[in-house]
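Here the structure comes first, spelled out in structure tokens, and everything after it is commentary.
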Amino acid sequence: MFYREVGQYKTSYAADMAVFPILQDRIGLAIILVIAFVLVPLLGNDFLLNSVLIPFLIFSLATIGLNLLTGYAGLLSLGTGAFMGVGAYACLKLTTSFPLVNIVIWILVSGFFSAAVGTLFGLPSLRIKGFYLAVATLAAQFFLEWCFTRIPWLYNNSVSGAIEVPLRKLMGVPITGPTATSLTRYLVVLSIVVVMTWIAANLVHGRIGRMWMSVRDMDLAAELIGIRLLRAKLLAFAVSSFYSGVAGAMLVFLWYGGAEADVFNINQSFLILFMVIIGGLGTLIGSYFGAALIYILPIGLRAIPAAFGLPIRPATSEQLTFVIVGMLIIIFLVLEPNGLARLWQIAKQKLRVWPFPY
Amino acid sequence: MKGPRARDVDLGTVLLAVENVSLAFGGVQALTDVSFDIRKGEIRAIIGPNGAGKTSMLNVINGFYQPNSGRIIFKGEPRAAMRPYAAAQGGIARTFQNLALFRGMTVLDNIMAGRALKMRRGFFWQLIRHGPALKEEVEHRRRVEEIIDFLEIAAIRKIQVGRLPYGLQKRVELGRALAMEPDLLLLDEPMAGMNLEEKEDMSRFILDVNREYGTTIALIEHDMGVVMDLSDRVVVLDYGQKIADAAPNGVKCDKNVIRAYLGEPHGTSA
Amino acid sequence: MDLLYKIFIDPFVQMGTAPDLLVQTLWDGFVAGALYALIALGFVLIFKASGVFNFAQGIMVVFAALTLVGLHERGVPAFLALGLTIVVMLALAIGVERLVLRPLVNQSDFILFMATFGLTYFLIGLGQLVFGGNPKVMIANDLYLPSGAIEFRGLGGFVSFQKIDIAAVGITSIMVAVLAVFFQRTRIGRALRAVADSHQAALSVGISLEQIWVIVWFAAGIVALTTGIMWGARSQVDFSLEIIALRALPVLILGGLTSIPGAIVGGLIIGVGEKLVEFYWGPLLGGGIDTWFSYVIALGFLVFRPQGLFGEKLIERI
């Protein structure tokens, strides 16, 4: 009853093709943005910001990146972790070499470095598909991981081999480094993620999104209607890696405050892929759902038994996370291969006719 | 059933000529030294028993297969090998025997995908969508809606194509090909699996496309009634070779054609 | 100029002047290659029979080894533990068939591939939960596997062949031979090949897909157990083995996903290649090249010959 579209007539094609054509969706989005930009800063505490929202937003961005590549363009990639790493290391080198330029600019620019690397490793996609392509992206993952540990120039020759994040300010307020408050970091991350999500939504609703989906669904037919496959696939790698790179830079600079190379290992690649699958391949909102579920799960696994007075060791909760995530993936694939996004669509469908059953 | 129509079409200019094309896959000779032409504005049928190489012929014209020898001359330009992208850019569109729709997308998106070559707004405009990119989308959407109205599929245009019945899927595929505004439309068994009513609808669409838009059509079809009614000229293939090339009536009576389809009565010498 | 010398001349000079090291490296690579081949074999088995690319093969190796050692730690005698582990692998095969393969029987290859990712994580978590995450020692002695080394003096130095390595190569060869005979000569083997060709055709002649799948996953489980025992005996049993199993993927690319001889040849090429490159060229780049070298080789193959050395060429029809 709340979700009726009755009475919402579209009188122009532009209105029909809008990203959020239904009024209730637009209202919902506005409410979420108000909560995110206004209420959370007013009411949130450090734990919520630092350990929940900031990483959730960063992983959502990385998931959107992978979703564009795997969900929309159908190109399976296991190199997301490494591409995130490229962004992080690029950002470090840029800000060390040009410390006076605003760090936010460098975070965004490092995405381009990631995009370049991603495009390079995407070249084989012209000749190979499916899990063969996944193996090719593993080549990227392992090679880049090796680079991160064996090329000291990348981590500024620091003795520990880890990235150390210098203090940087935006308009006089510290946003990276130990003195940056979680609120400032949260607002920067939120702004970047919101803008980039908007851009991603624009892309997938237009001709580029259609082009990718054509390549995904049947690339031979896509070629025959005039789509250049290599360009489409390389563009997908480029854009996806850009998003991963920015997410990686934010991960190090705006969340961890420093990092060791193994943050960007193959486990990270898998984790993001799971977020894509569980959230829903080929949906943007699914990226948020998937990131939320997979990221919040271990936190929940620690917090819930503690709430009941049964503390569990961190190692056990980590292992339980693995078990549950593994099971969730299989359960989702069996019951709803289109992930949480589809479940959300079904829920909205029920809301349309509520309180009637159909 | 009507006889062949007299048409005041410019039957002089050749749009596409196939010259001595041969094609082999491993040990199988799909096409042997086939030559024929397709004239601008006509409806050309390609017929023959199963396995005659008709689909392979279309695939060669399309650029999907490269012939081992011979060449295609399209719009006066000879090509020994043509990539699918070049064929699409040159104005060749086609439908497929086994349907090649984008199953994850809606009818509308599938046909809009056909406009891919015509949508030129650059990547950076796409990033912000509002403004020139959206205007271009609306323009093309208008054109696509015309095609949807023409094919009478307006009621289902927001439905995912994977959920549609076969006959409607074939119509969507035709719509996608039409969205390319092709000079030459290749139809591979457009009537396959349809009942009489659906066939009449499809025939009507094909005729309308030819008459109203002047699109040249090459058509593979098994239903002889459709072939006789619709086509201006017919080329007959058997075991990869051309055995007849004439107007429908001429082909109907051709001895070689009858033998290819029906075989020989027992006791007659070859 | 100096750099060119270092890359193109020096390693070969080194090979020539210390042939014992060369032989040692070749032998080590050969052994590693045999074990890679075993892992690849597990993949090929499952892919041939069900069309599923079982990403969890690597973790199955670890899981099998862990189960064996874990049971022994709790006091179960060695050979009984071995028997119980075999039963566990059978249970795993049945579980996977019933809970993963059957519900997903009509889904695309991509979805099945993703499901094996889920299986991988599940087994990682389960293994750690039940048996603990600490590295363990393989019970090689209790299984009567040889230890010690044979040293060979000559070639200007000496070369040592670990007896366990010799045993590994031997056992691998036996396993491959058994599987080859099984596939070619027995009724079940024929049924497996039928299923690999076409599920529907196999069903229509009365072959039970479910039974075949259980058999094939069980066979892959046995292969995984063997690999786990051998590899664990050479180093130790821990989860880094899983990553090593990922190194078997290039073997599959090289050999072709559907070919048993391909898995062997591919494994040997990758094993020997990796060791040679790491030993002679690795120091130029700071070491650790073997983590990605095989992938780069695989990449090269993928671009020029996607079906590998022995695989079947895919022809796409429209």
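Within the option set C:ALA180, C:ALA224, C:ALA191, being assigned to a helix (DSSP H, G or I) and either surrounded by fewer than 15 Cβ atoms within 10 Å (Cβ to Cβ) or among the acidic types (Asp, Glu) (or both) holds for one residue only, C:ALA180. A:ILE175 meets each of the listed conditions (1) part of a loop (DSSP other than H, G, I, E, B); (2) more than 14 Å from chain C (Cβ to nearest Cβ) apart from (1). Could you grab me the full set of residues in segment B:184-242 that are assigned to a loop (DSSP other than H, G, I, E, B) and within 12 Å of the chain's Cα centre (by Cα)? Within segment B:184-242, B:GLU189, B:PRO190, B:MET191, B:THR215, B:GLU221 qualify.
Looking only at residues that are of a type in the set (Gly, Ala, Ser) and more than 13 Å from chain A (Cβ to nearest Cβ) in segment C:32-57, which one is farthest from C:VAL265 (Cα to Cα)? Taking the candidates together, the pick is C:SER50.
Note on segment B:109-166: residues that are touching a strand residue (DSSP E or B) at 6+ places or on another chain (Cβ under 9 Å) and part of a loop (DSSP other than H, G, I, E, B) amount to 4.
Would you say B:LEU178 is assigned to a helix (DSSP H, G or I), surrounded by 13 or more Cβ atoms within 10 Å (Cβ to Cβ), without any contact (Cβ under 8 Å) to a residue 60 or more places away in the chain and among the hydrophobic types (A, V, I, L, M, F, W, C)?
Values: assigned to a helix (DSSP H, G or I): yes; surrounded by 13 or more Cβ atoms within 10 Å (Cβ to Cβ): yes; without any contact (Cβ under 8 Å) to a residue 60 or more places away in the chain: no; among the hydrophobic types (A, V, I, L, M, F, W, C): yes.
So B:LEU178 fails the test.
Being more than 9 Å from every other protein chain (Cβ to nearest Cβ), surrounded by fewer than 22 Cβ atoms within 10 Å (Cβ to Cβ), over 21 Å from A:LEU284 (Cβ atoms) and not aromatic (Phe, Trp, Tyr) is true of A:LEU183. The residues of segment A:281-333 that are within 28 Å of A:GLY28 (Cα to Cα), away from chain C (no Cβ under 13 Å) and part of a loop (DSSP other than H, G, I, E, B) amount to a single one, A:THR283.
One line per residue, one yes/no per condition, for (1) facing chain A (nearest Cβ under 10 Å); (2) at pLDDT 85 or above; (3) not in a loop (DSSP other than H, G, I, E, B):
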position	(1), (2), (3)
C:THR258	no, no, no
C:GLY271	no, yes, yes
C:LYS275	no, yes, yes
C:PRO283	no, no, yes
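Can you tell which of A:LEU66, A:LEU49, A:LEU39, A:LEU53 is over 14 Å from A:LEU190 (Cβ atoms) and aliphatic (A, V, I, L, M)? Please lay out each step first, then the result.
Working: A:LEU49 fails: over 14 Å from A:LEU190 (Cβ atoms); A:LEU39 fails: over 14 Å from A:LEU190 (Cβ atoms); A:LEU53 fails: over 14 Å from A:LEU190 (Cβ atoms).
Result of the check over A:LEU66, A:LEU49, A:LEU39, A:LEU53: A:LEU66.
Restricting attention to segment C:25-81, the residues that are farther than 21 Å from C:LEU104 by Cβ, β-branched (Val, Ile, Thr) and at pLDDT below 85 total 1.
Here is the figure for segment C:249-291: residues that are buried (at least 24 other Cβ atoms within 10 Å of the Cβ) and over 29 Å from C:PHE8 (Cβ atoms) total 6.
Of the residues making up segment A:299-336, those that are buried (at least 19 other Cβ atoms within 10 Å of the Cβ) and modelled with pLDDT under 75 number 0.
Which ones in segment A:258-271 are away from chain C (no Cβ under 12 Å) and surrounded by 20 or more Cβ atoms within 10 Å (Cβ to Cβ)? So that I can check it myself, show each step before the final result.
Taking segment A:258-271 as the starting set, the residues that turn out to be away from chain C (no Cβ under 12 Å) are A:258-260, A:263-264, A:268.
Hits for segment A:258-271 are A:ALA259, A:VAL263, A:PHE264, A:GLN268.
The values are calculated or read from the model by the stated rules, or taken from the named source; none is laboratory data. Everything numeric here is computed off the predicted structure, so don't read it as measured data. Here Cβ is always computed from backbone atoms with ideal geometry, including for glycine, and neighbour counts include all displayed protein chains.
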